[in-house]
Amino acid sequence: MIIDCHGHYTTAPQALADWRQRQIAGIQDPAQMPQASELKISDDAIRESIESNQLRLMKERGADLTLFSPRASFMAHHIGDFQVSSTWAALCNEMCHRVAQLFPEHFMGVAMLPQSPGVDPASCIPELEKCIREYGFVGINLNPDPSGGHWTSPPLTDRHWYPIYEKMVEWDIPAMIHVSTSCNACFHTTGAHYINADTTAVMQLIQGDLFRDFPELRFIIPHGGGAAPYHWGRYRGLAQELKKPLLQDHLLKNIFFDTCVYHQPGIDLLTRVIPVDNILFASEMIGAVRGIDPETGHYYDDTKRYVQATANLGEADRFKVYEGNARRVFPRLDAALKARGN
């Protein structure tokens with residue numbers, strides 16, 4: 001199977017964005033605050049939004065299954081308070097659940113958490129558990145910067161985050177480290193903030209000893225790991241100066257990198273530097289980079305082409321990247337697939 005571990009519902013019907021705009025307006029004027037029950041989106045509207053977009057491209061590009069979460073830039077945890085985030089997360093997760101119900105062979109859910117700056121992450125646990133228990137989701141997205149580019153939260157190694165980690169271990173689920181919209185003018189959302197966050201997460205994990213407390217914890221660092229693979233020698237050297245173990249022991253039993261890298265030299269570098277057991281196939285289509293590369297004539301985010309073309313992977317390696325690693329990192333995905341005979 002070709003399992004894409006990084007997909008977002010970027011093509012949700014316009015009614016969802018319209019409801020969100022009413023919610024944002026309601027922060028200042030409570031009279032405008034909509035009720036969750038006022039969001040009306042039919043199954044037919046969801047089918048159309050998926051069949052003409054993600055599912056069409058999956059079939060064209062040869063992907064079988066996408067792990068599907070709410071649109072990352074829509075999470076916007078910096079807007080409003082916890083109640084605003086909680087209501088919004090519940091609606092967005094429900095939409096992904098409906099997609100998975102309508103297209104069970106092609107989509108499985110990954111949950112957005114109702115994070116809010118300065119609020120105890122334990123407040124996210126009810127939504128996390130609902131998504132796992134009731135919706136059958138197989139993982140979560142964890143935003144290390146709910147402030148939207150101002151980085152007011154403690155590092156990922158701080159005990160501040162331990163309530164989430166405890167639940168991840170209890171439910172045997174991984175988290176993709178994924179920020180949302182940047183409200184800091186210094187950081188373009190997808191061109192800077194996302195890559196900054198991936199790189200920052202790797203360095204925070206190098207500095208700390210999180211996996212000593214949680215040896216079973218698993219993180220996916222998206223977008224190819226940010227700058228980390230390109231500067232792997234720098235991070236090996238910094239770990240050495242910090243008196244940490246070799247990165248293969250300090251990090252690589254617990255962190256994994258996806259293939260959301262949008263040119264061949266990038267995938268060649270990723271697959272040369274990072275062990276194949278730590279790479280998961282992903283495209284993040286239809287996402288940050290939607291155009292066609294004039295140098296190749298193909299979509300930038302058609303990442304399967306790069307994985308197929310790299311000389312650094314044999315067929316056994318490609319099996320790991322496309323399927324084997326995802327089933328190992330997402331045990332609930334593996335169980336669900338086995339239950340249906342895959």
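The values are calculated or read from the model by the stated rules, or taken from the named source; none is laboratory data. In this text, all values refer to a predicted model and were calculated from it rather than measured experimentally. Here the Cβ positions follow ideal geometry from the backbone for every residue, glycine too, while neighbour counts run over all protein chains shown. Heads up: the accessible areas ignore ligands, DNA and RNA and are worked out on the full protein's heavy atoms, side chains in. Shrake-Rupley method; radii C 1.70, N 1.55, O 1.52, S 1.80 Å.
Here's the yes/no breakdown for (1) within 30 Å of Q28 (Cα to Cα); (2) hydroxyl-bearing (S, T, Y); (3) over 18 Å from the mean Cα position of the chain (by Cα); (4) modelled with pLDDT of 95 or more:
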site: Q83; (1), (2), (3), (4): yes, no, yes, yes
site: A90; (1), (2), (3), (4): yes, no, no, yes
site: H97; (1), (2), (3), (4): no, no, no, yes
site: A100; (1), (2), (3), (4): no, no, no, yes
site: E105; (1), (2), (3), (4): no, no, yes, yes
site: V110; (1), (2), (3), (4): no, no, no, yes
site: V119; (1), (2), (3), (4): yes, no, yes, yes
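Kindly evaluate V289 against the criterion of being open to solvent by 10 Å² or more (accessible area, probe 1.4 Å), over 14 Å from V202 (Cα atoms) and within 19 Å of the chain's Cα centre (by Cα).
Working: open to solvent by 10 Å² or more (accessible area, probe 1.4 Å): yes; over 14 Å from V202 (Cα atoms): yes; within 19 Å of the chain's Cα centre (by Cα): yes.
Yes.
Confirm whether M33 is closer than 28 Å to V329 by Cα, among the hydrophobic types (A, V, I, L, M, F, W, C) and modelled with pLDDT of 95 or more. I'd like the intermediate steps shown before the answer.
Details: closer than 28 Å to V329 by Cα: no; among the hydrophobic types (A, V, I, L, M, F, W, C): yes; modelled with pLDDT of 95 or more: yes.
So M33 fails the test.
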How many residues does segment 271-284 contain that are farther than 18 Å from N254 by Cβ, surrounded by 17 or more Cβ atoms within 10 Å (Cβ to Cβ) and more than 12 Å from the chain's Cα centre (by Cα)?
2
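I need the full set of residues from segment 104-124 which are open to solvent by 20 Å² or more (accessible area, probe 1.4 Å) and in a loop (DSSP other than H, G, I, E, B), in order please. Step through it out loud before you land on a result.
From segment 104-124, those open to solvent by 20 Å² or more (accessible area, probe 1.4 Å) are 104-106, 117-120, 122-123; that's our starting set.
Passing the criteria: P104, E105, H106, P117, G118, V119, D120.
Can you tell which of E48, E127 is surrounded by 15 or more Cβ atoms within 10 Å (Cβ to Cβ) and of a type in the set (D, E, K, R)?
Values: E48 fails: surrounded by 15 or more Cβ atoms within 10 Å (Cβ to Cβ).
Of the residues listed, the single one that is surrounded by 15 or more Cβ atoms within 10 Å (Cβ to Cβ) and of a type in the set (D, E, K, R) is E127.
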Is there any pair with a first residue in segment 209-220 that is over 15 Å from P245 (Cβ atoms) and a second that is assigned to a loop (DSSP other than H, G, I, E, B) whose Cβ atoms are under 7 Å apart and which are 6 or more apart or on different chains, and what are they?
L217/N254; R218/P174; R218/N254; F219/P174; F219/N254; I220/P174
Working only within segment 52-99, note down all residues that are open to solvent by 20 Å² or more (accessible area, probe 1.4 Å), closer than 17 Å to L16 by Cβ and not in a loop (DSSP other than H, G, I, E, B).
S73, F74, S86, T87, A90, E94, H97, R98
Can you find a residue that is more than 18 Å from L156 (Cα to Cα) and in contact with a His (Cβ under 8 Å, 6 or more places away or on another chain) anywhere in segment 260-268?
yes
Taking segment 297-342 and keeping only residues that are open to solvent by 40 Å² or more (accessible area, probe 1.4 Å) and part of a loop (DSSP other than H, G, I, E, B), one is left with G297, H298, Y300, A311, N312, R340, G341, N342
Tell me whether segment 252-275 contains one or more residues that are at positive phi and not β-branched (V, I, T).
no
Checked against (1) more than 20 Å from M285 (Cα to Cα); (2) surrounded by 12 or more Cβ atoms within 10 Å (Cβ to Cβ), S37 satisfies every condition except (2)
Assuming D145 fulfils every condition listed in (1) in a helix (DSSP H, G or I); (2) in contact with a Phe, Trp or Tyr (Cβ under 8 Å, 6 or more places away or on another chain); (3) touching a residue at least 40 places away in the same chain (Cβ under 8 Å) apart from one, which condition is it?
(1)
Residue pairs, Cβ under 7 Å, 6 or more apart or interchain, first in segment 11-24 and in contact (Cβ under 8 Å) with a residue 40 or more places away in the chain and of a type outside the set (D, E, K, R), second in a loop (DSSP other than H, G, I, E, B) and open to solvent by 50 Å² or more (accessible area, probe 1.4 Å). List them.
A12/R71; Q23/M33
Out of V202, V179, report the one residue that is at pLDDT 95 or above, in a helix (DSSP H, G or I) and within 26 Å of F68 (Cα to Cα).
V202
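Does L156 meet the test of being part of a loop (DSSP other than H, G, I, E, B) and either among the aliphatic types (A, V, I, L, M) or modelled with pLDDT under 95 (or both)?
Numbers: part of a loop (DSSP other than H, G, I, E, B): yes; either among the aliphatic types (A, V, I, L, M) or modelled with pLDDT under 95 (or both): yes.
Considered against the rule, which asks whether it is part of a loop (DSSP other than H, G, I, E, B) and either among the aliphatic types (A, V, I, L, M) or modelled with pLDDT under 95 (or both), L156 comes out as yes.
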Return the pairs, sorted by first residue and then second, in which the second residue is open to solvent by 50 Å² or more (accessible area, probe 1.4 Å) and not in a strand (DSSP E or B), the first residue lies in segment 52-75 and is among the β-branched types (V, I, T), the beta carbons are less than 9 Å apart, and the residues are 6+ apart or on different chains.
T66/H106
Failed criterion for P294 (all others in (1) closer than 17 Å to V261 by Cβ; (2) open to solvent by 50 Å² or more (accessible area, probe 1.4 Å) hold):
(1)
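Counting only residues that are assigned to a loop (DSSP other than H, G, I, E, B) and hydroxyl-bearing (S, T, Y), which one in segment 212-270 is surrounded by the most Cβ atoms within 10 Å (Cβ to Cβ)?
First pass over segment 212-270, keeping only residues assigned to a loop (DSSP other than H, G, I, E, B): 214-218, 222, 226-231, 242-246, 251-254, 259-263.
Then drop every residue that is not hydroxyl-bearing (S, T, Y), which leaves 230, 259, 262.
Details: Y230: 15, T259: 28, Y262: 21.
Filtering first and then ranking leaves T259.
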